[in-house]
Amino acid sequence: MWSDLESVGRVSSGGYRRFAWTAEDHTLREWFAGECARRGLDVTEDRVGNQWGWWWDGPGTVDEAVATGRKAVVTGSHLDSVPDGGAFDGPLGVVCALTAVDQLRAAGITPQVPVAVTNFVDEEGARFGIACAGSRVLTGQLDPATALALTDADGTSYADALRSAGRGPETFGPDPEMLRRVGAFVELHVEQGRALVDLDAPVAVASDIWPHGRWRFDFPGEANHAGTTRLEDRRDAMLGYADLVLGARQVATQRGCVATVGKVRVTPGGVNAIPSHVTGWLDARGADEEQVVAMVDELTAGARETGAAVTRESWTPTTRFDQRLSDRLRRVLDRDAEVSAPVLGTGAGHDAGILATAGIPSAMLFVRNPTGVSHSPAEHAEREDCLAGVAALTECLRDLTTG
Ligand code: GLV
Ligand code: MN
Ligand code: MN
Ligand code: MN
């Protein structure tokens, strides 16, 4: 995995395609369980299927420790990817978490609270459309029945995907018992922009996640012949969609937000047939929640005027990470440093944000990405910066588990 991270992160064409509950996901889940087992970590799964590798040498069981106020310190990330994604988004946080455990052990540290390494399932939402589905269902922020009814591009439901992966959907749902174990969650992640390059720093502490959401726009039309249908007789679903794409760029510019239409489905999808239906998905984000909402309202109103139906698929308001925990991480990072670790907000969503919303003290560390590119094979992190990230995470875990 580590050598994959290094070599695949450098290639500039092709990329990873690891969707939730597919064969690739299964391979990675086995890999994760194997890596945990190799370290003697006790692997469990919550009711959603998120994986947890526990390190606790006692006294008593993890639950007994939790019952006496010694809640776990948890670290990890996800192993799924967007279509043709990079090598670092997700896996870096998992690999660094496992390595940090190794480092603590090598240093002879005995944690005073249980430690767990996690692999959250379906962070990207690439298959079923809702990002962080694993942590949302876990924390009760996504209704399990809604999640199970989601379908992928082939029409396979989430419930059937679970069945194909050998899991019954019967137990799928929130897992407050698992969450009760967690005292703090720290997710290390490759930075997904250029801030650390500009600041000339290898590692940052996160402050907040921008509000963000996904909307589905359905534009109706009428299929007809591309050669024989007069322009004035056409009902071309593509035109409303084109307005959405250009409008998104324009309104985002005016309102200081970002908007992306990165996925589209055209029916019937023939070069010589006028589209009878176009579905486009809008991803909207920005630092200012009011502006994001206003942007989407404006685009929605415009699309509805052309007869489109608009459905909100997900919405996550501004998420602030736990101030005390983040300050503590920053103090640890600054201990022997000449300059203070930067504090960064981000436009990317993360499971740590979902846990933070659920009231679990959560924080994040970002590792510099020299390309500033993410959700693409060009995503990268230098080995030296990854090691700085591991060192930072190790020291944070040492502080949180022994301090
Ligand atoms: C997930 O990584 C997202 O921010 O879309
Ligand atoms: Mn991502
Ligand atoms: Mn990620
Ligand atoms: Mn993400």
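Every residue, every condition in (1) assigned by TED's automatic domain parsing to the domain that holds Ala348; (2) buried (at least 16 other Cβ atoms within 10 Å of the Cβ); (3) in contact with a strand residue (DSSP E or B) (Cβ under 9 Å, 6 or more places away or on another chain), yes or no:
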position	(1), (2), (3)
Phe120	yes, yes, yes
Glu123	yes, yes, yes
Phe128	yes, yes, yes
Cys132	yes, yes, yes
Leu138	yes, yes, yes
Leu142	yes, yes, yes
Ala149	yes, no, yes
Tyr158	yes, yes, yes
Ala165	yes, yes, no
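Checked against the criterion of being within 16 Å of ligand 1 (Cβ to nearest atom) and either more than 21 Å from the chain's Cα centre (by Cα) or on the phi > 0 side of the Ramachandran plot (or both), the candidates Gly125, Gly140, Gly134 yield just one match: Gly125.
Residue count for the range 184-204 under the criterion of being buried (at least 24 other Cβ atoms within 10 Å of the Cβ) and of a type in the set (Asp, Glu): the result is 2.
Does any residue of the range 226-237 turn out to be surrounded by 16 or more Cβ atoms within 10 Å (Cβ to Cβ), among the hydrophobic types (A, V, I, L, M, F, W, C) and either in a loop (DSSP other than H, G, I, E, B) or not assigned by TED's automatic domain parsing to the domain that holds Trp54 (or both)? Within the range 226-237, one or more residues are surrounded by 16 or more Cβ atoms within 10 Å (Cβ to Cβ), among the hydrophobic types (A, V, I, L, M, F, W, C) and either in a loop (DSSP other than H, G, I, E, B) or not assigned by TED's automatic domain parsing to the domain that holds Trp54 (or both). Taken over the range 261-283, the residue count meeting the criterion of being buried (at least 16 other Cβ atoms within 10 Å of the Cβ) and in contact with a strand residue (DSSP E or B) (Cβ under 6 Å, 6 or more places away or on another chain) is 12.
Can you find even one residue in the range 351-361 that is more than 16 Å from ligand 3 (Cβ to nearest atom), free of Cβ contacts under 8 Å to residues at least 12 places away in the same chain and either surrounded by fewer than 16 Cβ atoms within 10 Å (Cβ to Cβ) or part of a strand (DSSP E or B) (or both)? Yes - at least one qualifying residue is present in the range 351-361. Just one residue in the set Arg136, Arg235, Arg214 is away from ligand 2 (no atom under 16 Å from the Cβ) and either at pLDDT below 95 or of a type in the set (Lys, Arg) (or both); that residue is Arg235. Of everything in the range 371-403 that is part of a loop (DSSP other than H, G, I, E, B) and more than 16 Å from ligand 1 (Cβ to nearest atom), the residue that is surrounded by the most Cβ atoms within 10 Å (Cβ to Cβ) is His380. The listed residues are Arg29, Arg38, and the only one of them that is assigned by TED's automatic domain parsing to the domain that holds Ala133, in contact (Cβ under 8 Å) with a residue 60 or more places away in the chain and not aromatic (Phe, Trp, Tyr) turns out to be Arg29. Residues in the range 329-370 that are β-branched (Val, Ile, Thr) and within 14 Å of ligand 1 (Cβ to nearest atom): Thr346, Ile354.
The residue that is farthest from ligand 2 (Cβ to nearest atom), among those in the range 81-126 that are of a type in the set (Ser, Thr, Tyr) and out of contact with any helix residue (DSSP H, G or I) (no Cβ under 7 Å at 6 or more places or on another chain), is Thr110.
The values are calculated or read from the model by the stated rules, or taken from the named source; none is laboratory data. Note that this is a predicted model, so its numbers are computed, not measured. We place every Cβ from the backbone using ideal geometry, glycine too, and count neighbours over all the protein chains shown.
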